[in-house]
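Reading through the structure tokens given below for one structure.
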Amino acid sequence: MPEQPVPEQDPIVTKSYAAHYVVAMVILMATLFWALWDEAFGQRPWKAFQSEWKDRYIAFLKTAKSKSAQSEKQVEQNSDYQQLEQAYEQAYKAAQPHRDELQKQITDLNAKIIAVQNVFTDRRAYANALTYEIETGTSASNKKSEQEDLAKYKAKKSTVEYPDGHREQYNFQQLEAKYNALKDERTKLSAELGDVLKPVTEASTKASQYISDHMVDLTPTQIDGLRKKTAEWDPKIQQINVADANIVDRCESCHMGAREPVKITSAVMTPKGQKKPDEYARAFVSHPEPELLKVHDPDKFGCSPCHQGNGRATTSVEKAHGNYEHWLWPLFPKQNVEAGCQTCHAADMVLATNETQFEVINEGKDLFRQKGCNGCHRYDGYDKEPEDLNSISQQLKQLETDKKDNTKQAADLMKQADAAQRMTKQSLCEWQIAKSMGACSSSIFSRTA
Ligand code: HEC
Ligand code: HEC
Ligand code: HEC
Ligand code: HEC
């Protein structure tokens, strides 16, 4: 083997790579630290939540303890509270005459509405039934006479007896107009009453808010217990696992306060010196509906069946709340939070606990019926009675049609049988005549006979 010539410019010998190595090493170290940081915190934002929680909750419990030592009486003796209480009494007195007047008007109006409603609902049901008949009936001549019936029915007058004893006569259109007018008036009066009562409720809310802000439900010993538990807390994933229902909800890894036994608002979780509650403070609030969580124990129901969101996700608030393109069930927005009840309570007409009327969903369900949406969008079990009536009347209709078909078919069969009998007699005669005429030798008979 001939010796390789040594190149004159051997880069290994002639050039220094120190700078390259330094750059590569810096990048390597940076990625290493980034990876370590990401592993420990980047992918686990809940750790930061829980460490904030520890500090803020302990601070809150400290002040809560001193407040809890005061009894409600002491809070009520406070001059700030007494001012609020006075303001409430003044507002109450100021509103009283107007309020009483409006309430009386509304009561009278309600009695009138019931009087009209009693007559109107009967007539409307009858008119609707006729309309339904016309829309679903088949024959055109029937339709015409039924339409005349409907017009006649609507023109007929009926008598409404008002609570004061006087009577009025209305045809259908007038009755409907009267009914709507009375209801509009009630809506107007109720709104007016709301306006009159507004300062009173505001003053009363302020006074009771003052008490709840300055009172704590727990005794100082219980609060000490909570403080101890919180101080000993090690950050870890908080998880609800309901295997049967395939629910894994880690929401409480961040929402640490959700099920705490004291009322926690975002205001009390805001660190001193900060004006507005930050993200942490907003996440640490106790659940606004503890009564509801008693009926739906999160250990059995989880959180996401009511709220939606991605229960398993913990790497960011967006992902946990399902607000990204790979999750089809994002958290219901605040104003729409009761939408979640529909998942399980679609068939219930009204939802309420001792503490809360769920007005948004109840109003929605009411509108859904009033506007006739359930005529086409049916739910199993929802508004069951009309549904049952409807299906039975459909069945009756079907049976009626079947009966007509069967009678017609029977008559047809009888006719056919008669005809067949006549035919056999006739063809027998014809055959005999033909035979006697010697026609039997014709090609037809010779082939078939
Ligand atoms: C990574 C931490 C984190 C996780 C996990 C998390 N949240 Fe939140 N959540 C927050 C923060 C922070 C806020 C306050 C944000 C704000 O007000 O903008 C919040 C606010 C909310 C609110 C109030 C929303 C509003 O519109 O006012 C609800 C309800 C809620 N979360 C439910 C859930 C549910 C249910 C889950 C589990 C499926 C969950 N969260 C998981 C951090 C988290
Ligand atoms: C039975 C249904 C239901 C379940 C289960 C439920 N919630 Fe809620 N949650 C509600 C309703 C309703 C509201 C809104 C109440 C209101 O605004 O008065 C609410 C409000 C909230 C809020 C907003 C608080 C605020 O002040 O803005 C948070 C945060 C929250 N829930 C977290 C949770 C977590 C965490 C769980 C699981 C441990 C959970 N919820 C389980 C029905 C439920
Ligand atoms: C995952 C299904 C589910 C969701 C979502 C759900 N519920 Fe329920 N709810 C139930 C079940 C099951 C019961 C019966 C619990 C029991 O009797 O122990 C119940 C009971 C109730 C009751 C008590 C009824 C009674 O007769 O005492 C009320 C009120 C109620 N739910 C309201 C709500 C509201 C309001 C929401 C939405 C914020 C909601 N529920 C969301 C399943 C659900
Ligand atoms: C005459 C029958 C009828 C009535 C009454 C009716 N709908 Fe519908 N609705 C439909 C049909 C048909 C569709 C389309 C379904 C489809 O495209 O798959 C629909 C679709 C919808 C959708 C979209 C559903 C989806 O999954 O995308 C909503 C929401 C809806 N209707 C709400 C209402 C509301 C609210 C009312 C009452 C104010 C109402 N509907 C009354 C027949 C009706």
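Could you line up PHE284, PHE49 from fewest to most neighbouring Cβ atoms inside 10 Å?
PHE49, PHE284
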Discussion item. With 10 angstrom as the radius, rank HIS296, HIS321 by how many other C-beta atoms surround their C-beta, starting from the fewest.
Written reply: HIS296, HIS321
Practice prompt. Starting from the Cα of LYS415, draw a straight line to each of the lysines and keep only those under 18 Å, dropping any in the same chain fewer than 8 residues away.
Written response: LYS404, LYS425
Worksheet item: Could you give the nm distance between label points at ASP244 and LYS183, where each point is 7 Å from its Cα heading toward the beta carbon?
Response: 4.3 nm
Discussion item. Tell me the relative contact order for the chain as a rounded percent, counting alpha carbon contacts under 8 Å between residues six or more apart.
Written reply: 15 percent
Worksheet item: Taking the alpha-carbon centroid of each part, what is the distance from segment 301-378 to segment 155-225 in angstrom?
Response: 26 Å
Fill in: Acute angle (nearest 10 degrees) that the helix 45-68 long axis makes with the longest principal axis of the chain, alpha-carbon atoms
80 degrees
Worksheet item: Taking the Cα centre of segment 78-228 as the origin and placing charges on Cβ (Lys, Arg +1; Asp, Glu -1), which of VAL196, GLN222, THR121 is farthest toward the positive end of the dipole?
Response: THR121
Worksheet item: Using helices alone, what [θ] at 222 nm do you get for the chain, with -39,500 (n - 2.57) per DSSP H run of 4 or more residues, divided over all residues and rounded to the nearest 500?
Response: -21000 deg cm²/dmol
Discussion item. As a test of understanding, state the convex hull volume per residue of segment 262-324 from its alpha carbons, in Å³.
Written reply: 105 Å³
Fill in: Cα-centre dipole for segment 78-228 with unit charges at Cβ (Lys and Arg positive, Asp and Glu negative), debye to 20
580 debye
Discussion item. Between HIS166 and ASP80, how high is the FRET efficiency from 1/(1 + (r/R0)^6) when r is the Cβ-Cβ distance and R₀ = 45 Å? Nearest 0.05.
Written reply: 0.25
Discussion item. Run the numbers for TYR17 and ALA352: contour at 0.36 nm per residue of separation, minus the present Cα-Cα distance, in nm.
Written reply: 113.0 nm
Practice prompt. For each of TYR153, TYR280, TYR57, TYR17, count neighbouring Cβ atoms within 10 Å of the residue's Cβ, then give the residues from fewest to most.
Written response: TYR17, TYR153, TYR280, TYR57
Practice prompt. Anything over 32 Å Cα to Cα? Flag those among LYS73/LYS198; LYS156/LYS371; LYS157/LYS188; LYS228/LYS276; LYS67/LYS319, in the order listed.
Written response: LYS67/LYS319
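No value in this document is a laboratory result; all are computed from the given coordinates. Keep in mind it's a predicted model, so treat the numbers as computed, not measured. For neighbour counting, all protein chains shown are included, and Cβ atoms are generated from backbone atoms with ideal geometry for every residue, glycine included.
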